Amino acid sequence: MLYDFIISSGAFEVVSALQNAGFETYIVGGAIRDLLLQSKPKDFDISTSATPEEIRQVFGRRKARIIGKRFRLTHVMIGKELFEVSTFRRMPPAQSENSRDEKFSSMPENMIFSDNFYGTSEEDAFRRDFTVNALFYDPVKKELIDYTGMGVKDIEARVVRAIGDPALRFEEDPVRMIRALKLVAQFDFSLDSFTENALFAKLPLLCHASSGRLSLELEKILKSFYSDRHFEVFFDYGLLNYFLPELSAVWGLEECKRALDLIYERNCRVESGIYRDSISLALAAFALPFAVSEAGDPAVEFWGNRDENVTNIMHFWVNKIFSPQILMVKVREAAVRIMMMQSVLEHAEAADIPQLMRYKSYAHARELLIIRHLANGEDCSELEKKFPPGCDKGEFRPGNAKVPKKKPGKSRSRGRGYRKKGRRPELPPDFSVE
């Protein structure tokens with residue numbers, strides 16, 4: 001099949017360089033799915049017959065770096081663009097009970113712990129998770145290869161179909177269940193019946209997935225502008241109870257409804273290009289309603305007057321709401337600063353604003369203030385004029401009127417409409433949660 005996709009010039013350079021060196025090479029996976037859906041890909045993953053060492057020889061050590069242990073691949077820099085280049089894989093051989101590493105003996109029998117068995121492009125396609133992610137595109141010949149024969153059809157029908165036995169695919173890598181439901185949330189796909197039944201049956205296996213990989217999936221979700229839909233779909237399918245049990249436990253409470261409204265407004269502004277996809281801002285938006293329920297409304301109480309108690313409450317909810325997944329310390333600390341600054345901004349006079357703009361997290365805190373008012377259905381034009389956009393420079397300390405000096409030598413629309421009818425929770429009458 002011939003397709004003339006518009007792709008990154010850097011991706012074209014990587015593919016053509018490897019092909020000129022004699023290696024079969026394609027753009028693969030999600031980027032091709034997104035292009036067929038007429039959506040802009042976030043990145044372009046590339047797969048080739050070259051081994052990681054051969055890839056590095058083609059581009060040199062300065063441009064190519066081999067990473068990974070469970071799944072070795074190469075990061076290739078072209079200008080300012082970073083590309084993940086993997087080698088074609090085949091299904092790993094079945095392990096006998098005697099050959100399994102002792103530390104993995106309690107894990108499911110079919111779970112894959114090493115995926116560095118190289119193969120052909122066709123073998124690589126059939127070891128992937130879903131048909132919609134198993135398409136290969138040659139930008140030089142403008143040729144699209146659909147080895148499974150179902151990839152293009154399933155994209156057109158918006159169906160998520162596991163390749164081969166879906167139960168076995170989820171046993172091999174339980175994180176695939178998260179990825180399946182992310183497709184449902186982001187593109188309004190549906191699971192085919194065999195994949196859906198296998199997912200329901202294998203949900204408990206998620207507890208065996210690597211905590212690092214699960215935390216990485218959470219970071220990706222929080223960066224996306226579909227995160228509220230992700231959480232809703234996860235809850236509908238029962239996956240939230242295994243992935244984020246603390247969030248599942250409070251689902252349906254007024255605080256959670258308020259959190260979903262805040263994250264929805266944040267997502268609208270990220271998708272529209274009004275603001276950047278900050279993980280710390282998303283975390284602050286989600287944790288704030290729960291902290292407000294315990295600490296009090298920042299529009300009524302000045303948190304800076306009792307900052308130690310309130311700060312402890314903020315830290316508690318930032319750490320709890322997405323537990324047991326752990327986000328980076330700097331993300332969690334930034335989320336607390338953003339939340340604490342809400343009270344300061346609510347009570348700020350015009351004369352205070354130039355100094356507030358110098359505080360660390362001012363830009364994120366301003367954005368959360370706007371998001372809160374948008375979630376109440378308010379016009380924020382006057383608020384945006386009062387608080388000009390800023391960049392994060394200093395450090396915000398509750399109750400501290402002075403901006404600390406830098407250490408020497410240190411520099412450093414609304415209306416997305418992607419929610420399904422009836423899914424959007426009712427807005428509470430005001431910001432406070434009873």
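The values are calculated or read from the model by the stated rules, or taken from the named source; none is laboratory data. These numbers come from a predicted model, not from an experiment. Don't worry about glycine lacking a Cβ; one is built from the backbone with ideal geometry, like all the others, and counts go over all protein chains shown. What goes into the accessible areas is simple: the full protein's heavy atoms, side chains included, and nothing from ligands, DNA or RNA. Shrake-Rupley method; radii C 1.70, N 1.55, O 1.52, S 1.80 Å.
The slack in the chain from Lys142 to Asp43, taken as 0.36 nm per residue of separation less the alpha-carbon distance, amounts to 33.8 nm.
The distance between label points at Lys153 and Phe194 comes to 1.2 nm (points 7 Å beyond Cα on the Cα→Cβ vector).
Put a dot 7 Å past the Cα of Asn116, heading toward its Cβ, do the same for Trp251, and the two dots end up 3.8 nm apart.
For the stretch 1-79, the per residue solvent-accessible surface stands at 54 Å², with DNA, RNA and ligands left out and a 1.4 Å probe. Computed over the stretch 258-326, relative contact order equals 32 percent, with contacts defined as Cα pairs under 8 Å that lie 6+ residues apart. The Cα atoms of the stretch 169-223 give a gyration tensor whose axes a ≥ b ≥ c have a/c of 1.5 or more with a/b no greater than b/c, which makes the shape oblate.
In angstrom, the C-alpha Rg and Dmax of the stretch 178-309 are 16.5, 57. Highest-first packing order for the peptide set 190-198, 258-266 is 258-266, 190-198, based on the mean count of other beta carbon atoms within 10 Å.
Taking the Cα atoms of the stretch 265-321, the ratio Rg/Rh between the radius of gyration and the Kirkwood radius comes to 1.05. Principal axis extents of the C-alpha atoms in the stretch 220-277 (largest first, rounded to whole Å): 33, 23, 15.
Of Cys207, Cys256, the residue with the largest accessible area leads and the full order is Cys207, Cys256 (1.4 Å probe). Sparsely packed loop sites in the stretch 267-330 (the trypsin sites (Lys or Arg not before Pro) outside DSSP H, G, I, E and B with at most 15 other Cβ atoms within 10 Å) comprise Arg276.
Across the stretch 128-133, computed HN-Hα scalar couplings (Karplus, 6.51 cos²θ - 1.76 cosθ + 1.60, θ = phi - 60°) run 6, 7, 10, 4, 6, 9 Hz from first to last residue, x flagging Gly and Pro. Highest mean first, the peptides 31-38, 149-156, 45-52 sorted by other C-beta atoms within 10 Å per residue fall in the order 45-52, 31-38, 149-156. Projecting label points 7 angstrom from Cα along Cα→Cβ for Asp297 and Cys207 puts them 4.2 nm apart. Taking all Cα pairs closer than 8 Å and separated by 6 or more residues, the relative contact order of the stretch 285-377 comes to 30 percent.
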